[in-house]
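The values are calculated or read from the model by the stated rules, or taken from the named source; none is laboratory data. Keep in mind the model is a prediction, meaning the values are calculated, not measured. In this analysis, Cβ positions are derived from the backbone assuming ideal geometry, glycine residues included, and neighbour counts consider all displayed protein chains. SASA here: full protein model, heavy atoms, side chains in, ligands and nucleic acids out. Shrake-Rupley method; radii C 1.70, N 1.55, O 1.52, S 1.80 Å.
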Amino acid sequence: MHKAELTLDPAFAVAPVHRRLFGSFVEHMGRCVYTGIYEPDHPSADADGLRTDVAALIRELGVTTVRYPGGNFVSGYRWEDGVGPKQDRPVRRELAWHSTETNQFGLDEFMRWARGLDIEPMMAVNLGTRGIQEALDLHEYANHPGGTALSDMRAANGSPDPHAIRMWCLGNEMDGPWQLGHKTAREYGRLAAETARALRTAEPGLELVACGSSGRSMPTFGAWEAEVLGECYDEVDFVSLHAYYEEYDGDLRSFLAAPADMDRFIEEVVATADHVGARRKSSKKIMLSFDEWNVWYLSRFQREQAEDPPTDWPAAPRVIEDRYSAADAVVVGGMLNSLLRHADRVTAASQAQLVNVIAPIMTEPGGRAWRQSIFHPFARTAAAARGQVLRVEPSAPRHDTALYGEVPLLDAAATHDSASGRAALFLVNRSTDTPMEVSVDLRGLGGMEAVSALTLSDDDVYAANTADDPDRVALKENKDVRLDGGRLTAVLPPVSWTCVELAGTAPA
Ligand code: AHR
């Protein structure tokens, strides 16, 4: 049995738990929109064609924001194709994913869907094949109160009230050669700055996100952020980060350490942004929007694409419908811990994506919807993390990994809400073969009692949920959790994720 220790003390608060950390992402890609959230012929569809079975799962997941409509898709998208009478909307060739876009779902449908689920929209503009004017047009259509051509068009299309979208992404992954209209850092930084200035002239209170690198492994990572922010530091509020992890060649040890790599990635972007700020003698801090993160078996997708390049143009094809295992869910839990640990600078995040496409929720066209394994750590963390993130400084054994060097075997994060007196602990045992006893000093919190202790683990770490067996990987009560005085002891199985919720015994 490994042993580890940590302390929860409300005096060591990192930052508030920003609700935007529990965001997601809906791209017009594969079956995320069509037969995912929207399927007019589905038995559960409402009058707007939205699947209510999927909506119920999204509510349970606890998603707070959704980035839309891409991803790579946005870099070739004409937003106006997706508004107005459906029968008049053009069918287009979609180049990012080599498919056909019917435009039966667009901005107004997205906004109705998001508002119905109490989800804050995060709108991406096309800075690949388009520019400042089209971004302004989209903003006029979406947010201008009325009395202009495009805002009146919105009203005529059934949305008299402005959509009031506050957060806007200035393009997507503009450093990636795969991106339509991809740019050098200087070109993109200038365009982001000019688009931001124009949008802010239209509406000063917008929150704007500049594209960071599309990944830490990009050859231009670091230099890209520095040069882009060098151009647009004063005009934007956020820089974006994207990271996808997968298990390579059975190296489960490294895979479980992926959140440690995410920690480094975040800290490097913070350092780079602050370096630009220091050069400018600016008191402003750029926040981080981790607006694509997840487990994604990307190398499999790339191999399949290389071996069998797409030749046809299907509508809503099955693309990257990864089936997630118990181990994948444990890594997702660790990634959520990484976001929480950096809550002072990461104030927005979007798991990519929401339905069917590398997603926590899967559907059958015309049929069932179910939760993938990764649904569970997301839903529990979104529900339990409240108040302030606490710095926990665990002391735990460490081991070496081939990809990410030496990492602690315990990955921990914690939150405490002084208003309700509740606390939550999120614990990952990264050992592939040995349980871990974690001892937690709670004395700083006063009298506490354990409300629940739920663990995700499986004798078969590669077990996954399916439509026929939707609860194969789920949360189970952890009976090896004890609270004695001011000390909590929990035993974590190998390759596991655990959430312990605590409540104060005295009234808050
Ligand atoms: O989420 C899938 C894709 O990954 C997105 O379209 C793109 O932004 C990223 O490369």
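Overview of values
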read-out	value
Selection status of His242, more than 16 Å from the ligand (Cβ to nearest atom) and assigned by TED's automatic domain parsing to the domain that holds Asp108	no
Candidate set from the range 90-108 (those that are out of contact with any helix residue (DSSP H, G or I) (no Cβ under 8 Å at 6 or more places or on another chain) and of a type outside the set (A, V, I, L, M)); member that is surrounded by the most Cβ atoms within 10 Å (Cβ to Cβ)	Ser99
Cβ-Cβ under 6 Å pairs, at least 6 apart or on other chains, the range 396-425 side within 20 Å of Leu339 (Cβ to Cβ) and open to solvent by less than 10 Å² (accessible area, probe 1.4 Å), far side among the small types (Gly, Ala, Ser) and outside any loop (DSSP other than H, G, I, E, B)	Val407/Ala260; Leu410/Ala4; Asp411/Gly334; Thr415/Ala424; Ala424/Ala384; Leu425/Ala414
Residues satisfying the stated conditions in the range 376-395, i.e. open to solvent by 10 Å² or more (accessible area, probe 1.4 Å) and among the hydroxyl-bearing types (Ser, Thr, Tyr)	Ser395
Positions within the range 185-201 being closer than 22 Å to Ala273 by Cβ and open to solvent by 70 Å² or more (accessible area, probe 1.4 Å), in sequence order	Arg186, Glu187, Arg190, Arg197
Residues (on the phi > 0 side of the Ramachandran plot and among the charged types (D, E, K, R)) located in the range 171-197	Glu173
Test: residue in the range 274-284 that is open to solvent by 50 Å² or more (accessible area, probe 1.4 Å), part of a loop (DSSP other than H, G, I, E, B) and among the hydroxyl-bearing types (Ser, Thr, Tyr)	yes
Test: residue in the range 274-292 that is closer than 30 Å to Asp411 by Cβ, in contact with a His (Cβ under 8 Å, 6 or more places away or on another chain) and more than 16 Å from the ligand (Cβ to nearest atom)	yes
Top-ranked residue of the range 290-329 - restricted to ones that are polar (S, T, N, Q) and within 26 Å of Cys211 (Cβ to Cβ), ranked as most open to solvent (accessible area, probe 1.4 Å)	Gln302
Cross-chain or 6+ apart pairs with Cβ under 8 Å, the range 265-280 first and not assigned by TED's automatic domain parsing to the domain that holds Val228, then at pLDDT 95 or above and surrounded by fewer than 16 Cβ atoms within 10 Å (Cβ to Cβ)	none
1 or more residues over 30 Å from Asp441 (Cα atoms): qualifying strands (runs of 3 or more DSSP E) within the range 1-106	23-25, 65-68, 92-94, 99-101
Scan of the range 147-175 for residues that are buried (at least 16 other Cβ atoms within 10 Å of the Cβ) and without any contact (Cβ under 8 Å) to a residue 40 or more places away in the chain, ordered by number	Leu150, Ser151, Pro162
Test result for Thr220, more than 23 Å from Asp137 (Cα to Cα), among the polar types (S, T, N, Q) and in a loop (DSSP other than H, G, I, E, B)	yes
Any hit, the range 330-344, residues being within 13 Å of the ligand (Cβ to nearest atom), surrounded by fewer than 24 Cβ atoms within 10 Å (Cβ to Cβ) and not β-branched (Val, Ile, Thr)	no
Residue list for the range 305-327, filter: assigned to a loop (DSSP other than H, G, I, E, B) and of a type in the set (D, E, K, R)	Asp308, Asp312, Arg318, Glu321, Asp322, Arg323
Test result for Val83, within 16 Å of the ligand (Cβ to nearest atom), touching a residue at least 24 places away in the same chain (Cβ under 8 Å) and closer than 29 Å to Ala155 by Cβ	no
